[in-house]
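In what follows, a single structure is set out as structure tokens and then discussed.
Read-outs throughout are calculated quantities, based only on the coordinates presented, and are distinct from any laboratory measurement. None of these values were measured; they are calculated from a predicted model. Because the Cβ atoms are built from the backbone with ideal geometry, glycine has one as well, and the counts that use them run over all protein chains shown.
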Amino acid sequence: MNFIQTTDDSQLKEVFLHYKKFYLSFGIICVCILLLFFVIIPQFQQYTEQQSKVAEVEDRIATLKKNLQYVVAINEQQQGTDLQLTTQALPEEKDYAGILYAVRTASSRSGVGVGDFTFSVGELSAANVLSKTTPFISMNLNVTGKPPAVGLFLTELAKVFPLSNVSEIHLNNNFSNLLVTFYYKSIPALKVNYTSPIMPISGANQKILETLRGWQTDRPSFDVTAPIEASGSASPF
Amino acid sequence: MSDINLLPKSSVSSLKQEHAIAVLRQLSIILLAATAFISVAIFILIFSSPLTRSQEEEKALIAQLSTSSNRIARNVIIQERLNSISQILKTRSAYEEDIKVLLSVLPDSIEITKMNVFTDTLQVTATTTSIDAANTFLNKLVELQKNKEKIKEVTLESFTLQGSTGEYFFTIKMTLL
């Protein structure tokens, strides 16, 4: 501090001239260091980011190619049939006509007589329909027949569409009261993502499709008002 | 004997300075060259990256796939419904099988008058005039339970004889597997 304070201009000039030859090299080294931090390192980061982007895009391309290969190989007619089959098994909305047809089919195959029935629709709100669990309609159904015939009716009902589940059976002599639930499921709004892998139908699901094909019946256009051997009281509330 | 430095002191210092300048100059040239080389090399690597080409390929593939969006959507719907159907088939009760097993061990002389099936419980009320038939039926049910065929537990809830008609009435409760 003292030196600077006591040095006059001529002395400063002398110091400057003494180290003059160092300045250029020193300046170049400083510039190189600055370039390293402000140009080369960001450039390198940009390069590594780009490489990871390339890897991501390459992955997506591989998926897209697989998807394209799979989609091109799809038999559209078969797919349409499968869609129809699964939608019959699990309708997208409450299929009353389908339910009545299922009951009638199971009844005619098993030889039981169908008596009164009541639908318990439950909540009609959209939230119920769009819930993750499979929604259902409950039906309280009376049938007449001996226990073997009722057993056969249950077997046949399990093989017709829409899919159902009998949760309670109350038989008294030849009169039975059954609590049956028929399932349905709405089709959710789909957003097709081409870059996610399209999964082919698994072996287990192929087996289910085969089973459903075995259960499928040609369902005629069914008139709900047509008489079936029953007196129906369908009450949605 | 000691060495005698014939150069003046200022010349020695000047030589040291020249040497330092030469080293510094070389270092600066090497650094400059390395910086330029690395910078150009990275620039070339970035410039020659296949990113743009890959992105274009991706777009082209998406455009190709978008023409088959119906097939993709149908595939998703089928999968989703099959998963739900699988769940239903796995969880639904198979009471018809239980009834079939029960009827398979039911002697002809026994008649079922009442049957209640709910939450894995099968309750049967039956009638017969033959105590042997009732005994056979009960033994067969116990055998089924022992063999763990559909039945987990068997309980005889009541067994009565109606004197006027000579009919036996009995109620059996079974917990199903």
Using modelled amide H (1.01 Å from N, peptide plane; none on Pro or chain starts), what sits under 5 Å from the amide H of A:Met139, excluding residues fewer than 5 places away?
A:Ser120, A:Val180, A:Thr181, A:Phe182
Choice from B:Arg53, B:Arg71, B:Arg25 with maximal GNM fluctuation in chain B (Cα, 10 Å cutoff):
B:Arg25
Rounded to whole Hz and in sequence order, give me ³J(HN,Hα) for segment B:160-177 from the Karplus expression 6.51 cos²θ - 1.76 cosθ + 1.60, θ = phi - 60°, writing x for Gly and Pro.
10, 10, 8, x, 5, 9, x, 9, 9, 10, 9, 10, 10, 10, 10, 8, 8, 6
Take the alpha carbon gyration tensor of segment A:45-183, find the square roots of its eigenvalues, order them as a ≥ b ≥ c, and report rounded if a/c is under 1.5; if not, report prolate when a/b exceeds b/c, else oblate.
prolate
Residues whose placed amide H lies under 5 Å from that of A:Glu92, excluding near-sequence neighbours:
A:Lys185
Divide, for the protein assembly as shown, the radius of gyration over alpha carbons by 2.2 N^0.38 Å, where N is the residue count.
2.00
Please give the length that would be gained between B:Thr113 and B:Leu156 if that part of the chain were fully extended, namely 0.36 nm times their separation in residues minus their C-alpha to C-alpha distance (nm, one decimal).
13.9 nm
Roughly how compact is segment B:50-177, stated as its Cα Rg over 2.2 N^0.38 Å to two decimals?
2.05
Order of A:Ser25, A:Ser176, A:Ser138 from fewest to most other C-beta atoms within 10 Å?
A:Ser138, A:Ser25, A:Ser176
Rounded to the nearest 500 deg cm²/dmol, what is the calculated helix-only ellipticity per residue at 222 nm for the protein assembly as shown, with -39500 (n - 2.57) per DSSP H run of length n ≥ 4?
-18000 deg cm²/dmol
Shape call for segment A:32-113, from the Cα gyration tensor axes a ≥ b ≥ c (a/c under 1.5 means rounded, otherwise prolate when a/b beats b/c, else oblate), comes out prolate
Given a Förster distance of 45 angstrom, what is the FRET efficiency for A:Ser167 paired with B:Ser66, based on the Cβ-Cβ distance and rounded to 0.05?
0.50
